[in-house]
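A short worksheet on the structure shown next.
The values are calculated or read from the model by the stated rules, or taken from the named source; none is laboratory data. Computed from a predicted model, the values in this text were never measured in an experiment. We place every Cβ from the backbone using ideal geometry, glycine too, and count neighbours over all the protein chains shown. When the accessible area is computed, the model is the full protein with side chains, heavy atoms only, and any ligands, DNA or RNA have been set aside. Shrake-Rupley method; radii C 1.70, N 1.55, O 1.52, S 1.80 Å.
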Amino acid sequence: MMLRRSLHCGRWLPRVACNNTIAEVFSAKKEAAFQCANPQHTICHRKISYSSIRHVSREKRENETRVSLQGYFSSDDKSKETFIAACQVFKEKSKHLRGHVEFIYAALRHMEEFGVQKDLETYKELLDLMPKGKMIPQNIFQAEFMHYPKQQQCAIDVLEQMETNGVMPDTEMEMILMNSFGKYSHPVRKYGRMMYWMPKFKNASPWSLPDVVSNDAFDLAKMAVARMCTVDSTSKITTYDTKDVEDAVDDTWIISGQSVIQQELLEKLPHGDPIKVEGPFRIFLRDKSVGYFILRAEARPPPVPQKKEDKDDVGSIKFWFTGEFEEEVEETTVAAPQSIHEQEDGVILAICATGTSSRDSLLSWIRLLEATNPNISNLPVLFTQASPVGEVMVSDEQAEGQVETTA
């Protein structure tokens, strides 16, 4: 009745423009009714909007969805079986698969927590949550303009995470994608690119590693040193224990690698020349990193370049009939070729990885090397160890500096 009177009396209701609360909306209606009842009073109205109400309700709905999705992965048992069981519960609970995109994104964030980021079966279970048949494009325009873009982008993100973790899809995953999005969809094209490039890069490295690398620091150090020693076929990997060294503080293991050529280079060093223990440096094995150290000497000067005689130069030809004879060419010394261990910045004499990466363990390594390299006792050793790096080798000493000792 009040609305009719307001329209009859010719008064304008407040316009919709700004963000207001529900209380302001009702107060504005009361002001409009009061103005219709009392035409002599002029009231200046604020412009109000109902968009803020919709925005608040949308945010509340999204927060409720986010909280409800977190409940699927709140179990204390972080295992593959629990993760797949959560996917099955979502599939059975929502027959129409409403909110499947949000659920898949939430699952991708929790995969590393459950330890299934490298499991192909788990990715198949996630992509199988997509509805079948409804999102298949019916013509070329729908296929090119990404029919159901939100769902297709979600599937592409799943494939991207698989590619990041080195998980290669199979034919069953192709069937899942084709049943959901069709043959000419963007996720199927992404699958085709992965199947072309990933097998090429999978076997490109000459140092093969298992798909799941061990978490044991000793095994990782042994694999890392063995990989670096492949540059010389005469390299020998030795495992030491610091208990064999007198007055050793650290009780740990040492993985050492040294070749016959490195032993010869170490024996040829003149007495008094310093050698340095440098590191730690970092080497990656899959997603694990190992810190290692090197024993390095100063670089040897390069051999003097020989003078090359121009055989086509006819200016120095001597004729026998004029009494001039060819001078005998003096035999030049042949320079020994440099080995792979003699680099521009120094000569690598040995490498190692220890369980603690501390200076005491490195000092024990130098003392253990004296058994096969007696010349070390005549050389000063500089320890230039910085703070350790990596997640595997953890050092108790964090101070940086340079310590000079004579082993």
Per residue of region 72-85, in order, report the coupling 6.51 cos²θ - 1.76 cosθ + 1.60 (Karplus, θ = phi - 60°) as ³J(HN,Hα) in whole Hz, putting x for Gly and Pro. 5, 10, 9, 6, 6, 8, 8, 9, 5, 4, 5, 5, 5, 5
Per residue, what accessible area does region 211-266 have, given a 1.4 Å probe and all protein chains present, in Å²? 54 Å²
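So if each residue of separation counts as 0.36 nm, and I subtract the Cα-Cα distance between Gln138 and Ser79, what length gain in nm does that give? Before the final figure, lay out each step's value.
On the way: separation 59, 0.36 × 59 = 21.24 nm, distance 4.04 nm.
Computed gain between Gln138 and Ser79 is 17.2 nm.
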Where in region 254-285 is the amide nitrogen less than 20 Å from a point lying 7 Å along the Cα-to-Cβ axis of Ala204? 283-285
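Where a ≥ b ≥ c are the square roots of the eigenvalues of the C-alpha gyration tensor, would you call region 61-202 rounded, which needs a/c under 1.5, or, failing that, prolate if a/b is larger than b/c, or oblate?
Working: a/c = 2.10, a/b = 1.24, b/c = 1.70.
Oblate, because a/c is 1.5 or more while a/b does not exceed b/c.
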Going down the list Lys78/Lys118; Lys80/Lys118; Lys118/Lys183, which pairs span over 18 Å between their C-alpha atoms? Lys118/Lys183
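Given a 1.4 angstrom probe, I'd like the percentage of the accessible area of region 61-202 that is carbon and sulfur, rounded to a whole number.
Working: 4320 of 8090 Å².
Roughly 53 percent of what the probe reaches on region 61-202 is carbon or sulfur.
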